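The values are calculated or read from the model by the stated rules, or taken from the named source; none is laboratory data. None of the values given here were measured: they were computed from a predicted structure. Here the Cβ is made from the backbone with ideal geometry for all residues, glycine too, and neighbour counts use every protein chain on show. Ligands, DNA and RNA are excluded from the accessible area calculation, which covers all protein heavy atoms including side chains. Shrake-Rupley method; radii C 1.70, N 1.55, O 1.52, S 1.80 Å.
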Amino acid sequence: PFSPKLCQASRKSVNMFADEANMYASTLSKVRRLKGRSEAQTSACALSNSRLQFGTLIFAASYFTQQHVQAGVSSSATSAKPFHAEKIRSYDGDRLSIGEPHFDPSDTKPKLACKQIAVSTTINPVTKALRQVASLHEWCLIIVGDLKTPPQTHLELERELPKSVKFLSYDEQMALPYASVSSTPTNHFGRKNLGYLYAAHAGAELIFDFDDDNELLPGGAIPTSFDRGRHVYHARKNASSVLNPYKVGFRAVQMWPRGFPLDLINEDDESITIDPLEVEVPKGIIQSLANHDPDVDAIYRMGPRSALELPYNFEGGPPIVLKPHTYAPYNAQATLVTQEAFWAQMLPMTVHGRVSDIWRSYVSQRLLWSAGLRLTFHSAWVVQVRNAHDYMGDYMSERPLYETAGELIRVLHVWKPTHDLPSSISNLYIHLFEYGFLEAEDVVSVHNFLNDLASIGYCFPSISKRKSGKLESSGTQTPAGDVVLTSKCDT
């Protein structure tokens, strides 16, 4: 029977939960902004206490709410509704302003001499994958450290190969002239952003973005030229198009990539067309698949091996180039980025690392097409020998992917670019803040990242406001009757 006392207790617990949630979020936000080790240690106790209270009240609110529903007060919780994104707040922070360079790029230019630069971050000693890339001809390597990174083996590798390897220790990162230093948290995957800037500053024309556990295949090489591919378009009525590249391009029919919307896993293939691409793979972003331990989510990893195969080696095949307005998640584990797409590299830092590179992938795709660039998936040139992971921990970290990826794509699909590319990037990040996918700190971070690129002398591509045109034989995409918007400078 319904109990007024129970109802009162439930309301009280939910109010306490909301207050403690706000306090926890506030404390966590403060700690994220700390840059010094001593400051972080000083605040660790406050965060720990806040987390304990927060966790206790999650249990209490959950218990009382469940009892409340069972008492017949409400039946709305008996069948949960899927997440629907809507505007929940307005951004009142600073807007993007790119003026004169805030440092002299020639005075602080890194001393790496390569046009092709690989970037990785690690909290481990030098791995086989790092050593492989360091030994490649015509490639340089930037290793981005963090507070947990043991420096000794990295410094030894740098001394062994001083012209082609740079280990950026935490202290060295703090001395860099980039505005992004102040908005980059410690102990986060997003410290890779400083490595991307350092590579662009050094004069890179191609960046290999990879993880320290993704080893090159035997006879290891990072491809820099590609065969003609297949042009893929995935159409679905009244919705944005999302493609599973593992299934469509490389015949892994039971597998899906991390970040793929779960409600589309069993979608049929009838709406997919594959056409020959009579040109080379276009500029933009080229994702390598990973053999042995592909990039799949924790739900797949915890599934029965009799149904969901692991380890797994992909079949070979020509590259797949996605047509405009066709989305697919790509990662930061083995990805080539041409100079024209360096602006798309920034990893959001208010989300977990298991979410960060996927959110980046969807956000950047929304603007790639307007800049005449494409996303390509390539057969594996790496094998992942995965560092130790707690699958349940991965599951908890990846929950935003399971619950909100489809809605993120929907919100991106209806958004329109404005003005030049940097302004469009800023406006899109603000839009995603207002819809709750990102936080204000991410807006500040992307503003800093764009200003740093501009100070380095990076030229942002022009963008087109209308639908992208066809691919020409040069491998570039030309607008057909589009209105080209102004840009800082053309590439």
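Take the conditions (1) over 19 Å from the mean Cα position of the chain (by Cα); (2) of a type in the set (Asp, Glu); (3) open to solvent by 40 Å² or more (accessible area, probe 1.4 Å); GLU403 misses just one of them, which is (1). The set of residues in the stretch 288-329 being outside any loop (DSSP other than H, G, I, E, B) and under 18 Å from ASP209 (Cα atoms) consists of SER288, LEU289, ALA290, ASN291.
One residue stands out in the stretch 413-436 among those that are of a type in the set (Val, Ile, Thr), open to solvent by less than 50 Å² (accessible area, probe 1.4 Å) and over 16 Å from SER361 (Cα atoms): the one that is nearest to the chain's Cα centre (by Cα), namely ILE430. A residue that is at pLDDT 95 or above, open to solvent by 20 Å² or more (accessible area, probe 1.4 Å) and over 30 Å from VAL444 (Cβ atoms) occurs somewhere in the stretch 139-152. Within the stretch 444-468, the set of residues being over 19 Å from GLN339 (Cα atoms), modelled with pLDDT of 95 or more and surrounded by fewer than 22 Cβ atoms within 10 Å (Cβ to Cβ) comprises VAL444 only.
For beta carbons closer than 6 Å, sequence separation of 6+ or different chains, a first residue in the stretch 177-189 that is in a helix (DSSP H, G or I) and a second that is modelled with pLDDT of 95 or more and aromatic (Phe, Trp, Tyr), the qualifying pairs are SER180/PHE449.
ALA332: part of a loop (DSSP other than H, G, I, E, B) and open to solvent by less than 10 Å² (accessible area, probe 1.4 Å), yes or no? Before you say what the answer is, go through the steps one by one.
Working: part of a loop (DSSP other than H, G, I, E, B): yes; open to solvent by less than 10 Å² (accessible area, probe 1.4 Å): yes.
Against the criterion (part of a loop (DSSP other than H, G, I, E, B) and open to solvent by less than 10 Å² (accessible area, probe 1.4 Å)), ALA332 qualifies.
Tell me yes or no: at least one residue of the stretch 336-346 is in contact (Cβ under 8 Å) with a residue 60 or more places away in the chain, buried (at least 24 other Cβ atoms within 10 Å of the Cβ) and either part of a loop (DSSP other than H, G, I, E, B) or of a type in the set (S, T, N, Q) (or both). Yes; the residues of the stretch 336-346 include at least one that is in contact (Cβ under 8 Å) with a residue 60 or more places away in the chain, buried (at least 24 other Cβ atoms within 10 Å of the Cβ) and either part of a loop (DSSP other than H, G, I, E, B) or of a type in the set (S, T, N, Q) (or both). Of the residues making up the stretch 380-393, not a single one is out of contact with any Cys (no Cβ under 7 Å at 6 or more places or on another chain), open to solvent by less than 10 Å² (accessible area, probe 1.4 Å), part of a helix (DSSP H, G or I) and small (Gly, Ala, Ser). Screening VAL281 against (1) buried (at least 18 other Cβ atoms within 10 Å of the Cβ); (2) at pLDDT below 95; (3) over 18 Å from ALA334 (Cα atoms) leaves a single unmet condition, (3).
Could you please let me know if ARG410 is open to solvent by 10 Å² or more (accessible area, probe 1.4 Å) and either within 26 Å of THR127 (Cα to Cα) or not in a helix (DSSP H, G or I) (or both)?
Here the answer is no, as ARG410 does not meet what is asked.
Would you be able to tell me the number of residues in the stretch 190-236 that are of a type in the set (Ser, Thr, Tyr) and under 22 Å from ALA380 (Cβ atoms)? Adding up the residues that qualify gives 2.
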